[in-house]
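Q: Below: one structure in structure tokens.
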Amino acid sequence: MAASGAGARCYYEVLGVGRDVGDADLKKAYRRLALKYHPDKNPSNVEECTRQFNAIQQAYEMLADPQERAWYDKYRDEILRGAGSDYKDDSVNLMPFFSASCYSGYGNDPNSFYSVYLCLFQRIADEEAEYMEEGEEPLPPFGNAGSDYDEVVHCFYGYWQSFSTRRSYAWNDKHNLKEAPNRRVQRAMEKDNKKLRDAAKKERNETVRRLVAFVRKRDKRVLAYKEVMEEREKERQRRVAEKRARDLKKRMESVMACLEVSPCSTL
């Protein structure tokens, strides 16, 4: 997998602002840098400026969204550190994948958005499969750049947006029940262990769901589908407006016809 925390840069540093920057100053910094590094403004250094321009866009996209910024602020160190030595769980570390530096482009090459996240979500699914009941359906795959929206993309997000881990998280247990001197102490130990397991499951669920939201917001298949739906809605509204206009015209014609006939009928 192509992701690693080593390549991640702090989004605040990318935009040259402090972590307490306000919305107005954030937008000013973004516009200034976007203008400076826009590839069209730098024909002699297109490749490097394109890289810088994309990094600026990605940083602003994250920090301009209040919810994503709050998430980033909370887990900034973990995202920048990536799969560091402080990570104790044996499951895949998701933090490096909250940075656009973990992928390059939107094709189907090994380092692309779709290849990186296809591999990542398959790894998560494989981890979950060890704890699933026999006969359960496998978790929906992420697909690739050319995957059908209804058959693949919709099914993927429909499931993963409400992801709930099957893993036991027994490795988070604080107490060894075999060491309990009596049943009362054992029940207390079980209660403590369950709290730790539940807390770990909740954190994992929230992290996966947040990652799914991060990915969905950048998934060009979703963006393309939204455009199609918007065009369909515009077409529907146009047809409704045309029908209303025709119905109104018919009613007006009917009223005019009645007005023309009524004087004769009163004689």
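Q: Among ASN93, ASN45, ASN182, which one shows the biggest mean-square fluctuation in a GNM of the chain, springs joining Cα atoms closer than 10 Å?
A: Between ASN93, ASN45, ASN182, it is ASN182 that shows the largest mean-square fluctuation.
Q: Another question about this same structure. Pick from LYS202, LYS249, LYS41: which is most flexible by mean-square fluctuation in a GNM of the chain where alpha carbon atoms under 10 Å apart are linked?
A: Comparing LYS202, LYS249, LYS41 in a Gaussian network model of the chain, the most mobile one is LYS249.
Q: Could you sort 64-73, 154-163 so that the peptide with the highest average Cβ count within 10 Å comes first and the rest follow in order?
A: On the way: 64-73: 14.5, 154-163: 16.2.
Top to bottom by mean Cβ count within 10 Å: 154-163, 64-73.
Q: Once fully extended, how much extra length lies between LEU223 and VAL240, figured as 0.36 nm per residue of separation less the alpha-carbon to alpha-carbon distance?
A: Separation in residues times 0.36 nm, less the Cα-Cα distance, equals 3.6 nm.
Q: Which order do you get for MET256, MET95 if you rank them by accessible area with a 1.4 Å probe, largest at the top? Kindly include the intermediate steps, with their values, before the conclusion.
A: Details: MET256 95, MET95 20 Å².
Final ranking, largest accessible area leading: MET256, MET95.
Q: I've got another one for you. As a quick test, which of the pairs LYS178/LYS202; LYS74/LYS195; LYS27/LYS74 have an alpha carbon distance above 25 angstrom in this structure? Mind showing how you got there, number by number?
A: Details: LYS178/LYS202 27 Å; LYS74/LYS195 23 Å; LYS27/LYS74 21 Å.
LYS178/LYS202, as the Cα separations exceed 25 Å there.
Q: Excluding residues fewer than 8 places away in the same chain, name every one of the lysines whose C-alpha is closer than 25 Å to that of LYS226.
A: By straight Cα distance, LYS226 reaches LYS217, LYS234.
Q: So how far apart, in nm, are the two label points at ASP198 and SER168 if each is 7 Å from Cα heading toward Cβ?
A: 1.9 nm
Q: Remind me, relative contact order of the chain in percent, using alpha carbon pairs under 8 angstrom and six or more residues apart? Let's see the in-between values first.
A: On the way: 244 pairs, mean separation 38.4, N = 267.
Value for the chain: 14 percent.
Q: Now for a different question. Any idea how far the Cα center of the stretch 12-57 sits from the one of the stretch 185-218, in Å?
A: After rounding, the separation between the Cα centres reads 36 Å.
Q: Given a 1.4 angstrom probe, I'd like the percentage of the accessible area of the chain that is carbon and sulfur, rounded to a whole number.
A: Working: 8520 of 17000 Å².
Ligands and nucleic acids excluded, carbon and sulfur reach 50 percent.
Q: Identify which of the listed values of log10 I(q)/I(0) by the Debye sum over Cα atoms at q = 0.12, 0.13, 0.14 Å⁻¹ was calculated from the structure shown: (1) -0.94, -1.10, -1.26; (2) -0.70, -0.83, -0.99; (3) -0.89, -1.00, -1.11.
A: Of the labelled values, this structure produces (3).
Q: Among ARG183, ARG123, ARG31, whose mean-square fluctuation peaks in a Gaussian network model of the chain (Cα, cutoff 10 Å)?
A: ARG183
Q: Using Cα pairs closer than 8 Å and at least 6 residues apart in sequence, work out the relative contact order for the stretch 75-197, in percent.
A: On the way: 111 pairs, mean separation 18.6, N = 123.
It comes to 15 percent, rounded to a whole number.
Q: Also: For the stretch 94-212, just list the percent of Cα-Cα distances falling in each 5 Å bin from zero outward, please.
A: Calculated over all Cα pairs of the stretch 94-212, the distribution is 2, 10, 16, 18, 16, 12, 9, 6, 5, 3, 2, 1, 0 percent.
Q: If Lys and Arg each add +1 and Asp and Glu each add -1, what is the summed charge of the other residues whose beta carbon sits under 10 Å from the beta carbon of GLU68?
A: Summing Lys and Arg as +1 and Asp and Glu as -1 gives 0.
Q: Any idea of the accessible area per residue across the chain, 1.4 Å probe, to the nearest Å²?
A: Working: 17000 Å² over 267 residues.
Averaged over the residues of the chain, the accessible area is 64 Å².
Q: Right, something else. What does the extension gain come out to for VAL185 and LYS36, with contour length at 0.36 nm per residue minus their alpha carbon separation? Could the numbers behind the result be given before it?
A: Numbers: separation 149, 0.36 × 149 = 53.64 nm, distance 6.61 nm.
Gain on stretching VAL185 to LYS36: 47.0 nm.
Q: Can you give the FRET efficiency to the nearest 0.05 for ASP73 and ASN108, using r as the Cβ-Cβ distance and R₀ = 35 Å?
A: Numbers: r = 33 Å, r/R0 = 0.96.
Efficiency, from the Cβ-Cβ distance: 0.55.
Q: Under 12 Å between alpha carbons, and skipping anything fewer than 8 positions from LYS194 in its own chain: which aspartates and glutamates qualify?
A: Candidates past the 8-residue exclusion: ASP173.
Q: Let me ask you something else. Quick one: length gained pulling LEU259 to ASP126 fully straight, 0.36 nm per residue minus the C-alpha distance?
A: Details: separation 133, 0.36 × 133 = 47.88 nm, distance 7.64 nm.
Contour length minus Cα-Cα distance gives 40.2 nm.
The values are calculated or read from the model by the stated rules, or taken from the named source; none is laboratory data. This structure is a prediction, so every number in the text was calculated from the model and none was measured. Note that we place each Cβ from the backbone using ideal geometry, even for glycine, and neighbour counts take in every protein chain shown. With ligands, DNA and RNA removed, areas are computed over all heavy atoms of the protein, side chains included. Shrake-Rupley method; radii C 1.70, N 1.55, O 1.52, S 1.80 Å.
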